[in-house]
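Visitor: Dropping a structure here in structure tokens format, bear with me for questions.
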Ligand SMILES: Cc1cc2nc3c(=O)[nH]c(=O)nc-3n(C[C@H](O)[C@H](O)[C@H](O)COP(=O)(O)O)c2cc1C
Ligand code: SF4
């Protein structure tokens with residue numbers, strides 16, 4: 001295979017201090033939170049980081065390694081490097097990465113005020129208590145600290161000097177374990193960043209106040225690392241070039257910081273954005289477009305000789321190539337891009353751009369349902385990420401090809417079909433509409449959700465490329481399904497109208513409310529067949545979850561006067577928090593940092609812990625948990641309550657009665673999100689084999705049976 005590339009700049013080597021990275025694609029520091037409970041390197045750590053190295057990223061930054069677990073572990077199962085007994089396993093991790101030609105670089109990080117463990121006391125530059133704007137349910141630093149027993153402690157001078165020693169010792173251990181360099185986490189409001197930031201650092205001693213004093217802690221750490229490890233051991237510093245808060249670091253300040261860090265011995269600068277008070281800029285939900293952070297690299301790069309790395313929402317090879325070609329930065333960095341597709345660099349090198357599964361910035365898998373939920377790393381669209389079962393499966397085919405009927409051509413169905421072919425089975429997708437995509441397709445109407453289309457396109461391309469049989473506009477009957485050995489119910493969810501008094505005929509379904517003005521489009525070349533409705537100006541969005549949040553964004557941007565009525569304590573509490581942070585700003589006719597959408601014509605009103613009580617001709621009564629009734633005017637009411645689709649329940653029951661197992665996945669099991677759909681679709685196939693295609697008494701397919709049990713059961 002030729003390795004001549006359209007992207008010569010991306011594949012040029014680059015020197016970082018004494019070491020050379022083989023290309024310009026950096027895996028940004030990512031705390032995957034997969035370590036053993038004692039903080040040592042786990043089998044899963046090695047599987048995740050080494051796969052990303054195998055994919056061709058030239059530097060693998062291992063996120064969230066604490067130098068001091070007694071005062072700050074970065075995640076509940078983050079890596080700990082504060083004792084020498086961590087060195088042997090760290091050495092195994094380093095080797096597993098270097099084996100694939102990549103540089104292995106732990107990021108040393110003390111979480112400071114944003115510390116999940118140990119609970120109870122938080123180190124910071126000062127005792128400023130912060131109420132974070134994410135959502136009531138997801139605070140990290142509590143305003144009511146005393147009541148919650150969580151205290152923010154300003155470091156004493158002696159403790160700061162201790163930290164210098166602990167960080168440098170951690171770096172020394174990394175060097176002893178055979179790592180190529182270290183990265184210092186001085187971004188995002190964590191401990192070192194709290195020294196750099198004029199907004200966070202309120203000290204009045206020699207570690208706070210003026211610029212020189214604020215630089216003292218990071219520079220002392222760099223100096224002490226060089227003392228312990230030698231000048232040849234490279235130190236990269238990652239800091240937020242813009243904190244997006246008044247008095248915080250801005251791009252002018254970041255220029256001064258960059259120069260001071262270079263003079264202080266840093267070997268490369270990795271520019272990030274935000275502190276926890278401004279999470280939009282830090283976690284780039286879907287609303288943030290590729291390249292929005294480039295301005296910071298352009299500002300800093302002319303002032304320093306050391307390499308400058310830029311990241312955030314970078315996804316497409318052409319765009320990344322141009323960044324390097326135009327000299328805007330020396331390296332491009334990716335975190336989520338690599339979680340969604342660890343093989344991005346190899347695919348780019350080989351010109352297989354349409355095979356790249358581009359991260360859609362949804363933050364559900366990698367953030368909401370992993371780090372925020374205290375679980376291993378995951379990715380909504382890459383079922384392999386963070387799952388040892390999938391890593392181990394690698395290349396294994398089923399003992400015999402099976403005929404599988406997949407009913408429903410949404411993400412769960414398509415992902416199952418993809419894995420079925422890879423494992424040597426013969427899947428047939430039955431899709432009721434005239435296009436594959438399911439619930440993803442509605443997203444094209446929601447402002448800033450266009451990245452969902454990347455994933456829909458990728459799946460459809462793969463389904464075509466793998467030669468999956470697809471029967472479009474076809475609902476299978478019992479006789480048809482009986483010709484298969486196993487049936488997958490991936491028919492998704494549908495909206496419904498909960499009990500309510502009055503004129504229920506005034507209620508529109510969510511599906512109809514997402515009405516598209518186009519007769520045909522790329523998704524529906526023959527037309528969707530969905531008859532949209534024209535809603536009046538005053539609309540009640542009744543319900544919650546992704547459907548309701550998307551509908552608010554759609555209607556708000558369309559100039560409607562929207563009122564949300566949700567029975568939850570907090571609107572959007574099951575929607576990814578950073579997306580809700582941006583949406584809430586927009587609901588209040590503003591926008592999140594660095595975004596400039598057209599303000600909604602009306603602010604969105606929200607009734608929480610409430611539901612509809614009675615629907616009149618024009619008026620609607622809303623009742624809250626204390627039985628207070630409010631009457632508002634509404635032209636239309638849209639229900640966003642959903643439940644699993646049971647349209648084919650009888651068909652499936654008859655197929656099961658005929659001895660053919662039917663397995664239900666994704667929203668057809670219970671309405672959740674894309675992550676659940678993709679994971680369950682893929683997992684259904686993971687061990688599916690004619691040898692174990694029988695359900696246990698709990699209704700679950702038997703899988704991965706020990707050889708003696710297979711024999712005993714007569715398989
Ligand atoms: C799951 C997850 C873990 C992260 N862990 C770290 C970390 O340990 N250190 C760090 O500097 N940034 C961390 N980040 C931020 C990313 O490195 C990156 O700046 C951000 O995700 C935006 O870039 P991307 O669009 O390439 O993902 C993390 C992000 C995610 C989603
Ligand atoms: S979960 Fe979503 S944001 Fe995270 S890596 Fe996967 S696609 Fe990207």
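Each value in this text was obtained by applying a stated rule to the coordinates, not by laboratory testing. Just so it is clear, the model here is predicted, and its values are computed rather than measured. Here the Cβ positions follow ideal geometry from the backbone for every residue, glycine too, while neighbour counts run over all protein chains shown.
Visitor: Going by the alpha-carbon gyration tensor, a ≥ b ≥ c the square roots of its eigenvalues, is the range 578-617 rounded (a/c under 1.5) or, if a/c is not under 1.5, prolate (a/b greater than b/c) versus oblate?
Guide: Details: a/c = 4.72, a/b = 2.10, b/c = 2.24.
Here the range 578-617 falls in the oblate category.
Visitor: Which shape class, rounded, prolate or oblate, goes with the range 496-641 when its Cα gyration tensor gives a ≥ b ≥ c as root eigenvalues, a/c under 1.5 marks rounded, and past that a/b bigger than b/c marks prolate?
Guide: Working: a/c = 1.75, a/b = 1.14, b/c = 1.53.
Taking the square roots of the gyration eigenvalues as a ≥ b ≥ c, the range 496-641 is oblate.
Visitor: Name the shape class, rounded, prolate or oblate, that the alpha-carbon gyration tensor gives for the range 241-324, where a ≥ b ≥ c are the square roots of its eigenvalues, rounded holds for a/c under 1.5, and otherwise prolate holds if a/b is larger than b/c and oblate otherwise. Intermediate values should be presented prior to the final figure.
Guide: Details: a/c = 2.30, a/b = 1.16, b/c = 1.98.
Taking the square roots of the gyration eigenvalues as a ≥ b ≥ c, the range 241-324 is oblate.
Visitor: Can you pull the semi-axes for the range 318-466, root of five times each eigenvalue of the Cα gyration tensor, sorted largest first, whole Å?
Guide: Working: eigenvalues 153, 74, 61 Å².
Result for the range 318-466: semi-axes of 28, 19, 17 Å.
Visitor: Starting with the highest mean, order 23-30, 161-168 by the number of other Cβ atoms within 10 Å, averaged over the residues of each peptide. Walk me through the numbers before you get to the answer.
Guide: Numbers: 23-30: 27.2, 161-168: 20.2.
Per-residue Cβ counts within 10 Å, averaged per peptide and sorted highest first, yield 23-30, 161-168.
Visitor: Taking the highest mean first, how do the peptides 176-187, 260-271 order by number of other beta carbon atoms within 10 angstrom per residue? If you can, show how the numbers build up before the last one.
Guide: Details: 176-187: 24.4, 260-271: 22.3.
Sorting 176-187, 260-271 by mean packing, highest first, produces 176-187, 260-271.
Visitor: Kindly express, to the nearest 10 degrees and within the range 0 to 90, the angle between helix 577-587's C-alpha long axis and the longest C-alpha principal axis of the chain.
Guide: 80
Visitor: Using only the alpha-carbon atoms, how far is helix 157-176 inclined from the longest principal axis of the chain? Give it as 0 to 90 degrees, nearest 10.
Guide: The angle comes out at about 70 degrees.
Visitor: Hey, what angle do you get for helix 545-557 against the long axis of the chain, alpha-carbon based, 0 to 90 degrees rounded to 10?
Guide: That helix lies at roughly 80 degrees to the long axis.
Visitor: For the chain, state the average projected area of the convex hull of the C-alpha atoms over all orientations, rounded to one decimal in nm².
Guide: Values: hull surface 130.5 nm².
Projected over every direction and averaged, the Cα hull of the chain covers 32.6 nm².
Visitor: Taking the mean number of other Cβ atoms within 10 Å as a proxy for protection, how do you rank 300-313, 644-657 from highest to lowest?
Guide: Working: 300-313: 20.2, 644-657: 16.3.
Packing proxy ranking, top to bottom: 300-313, 644-657.
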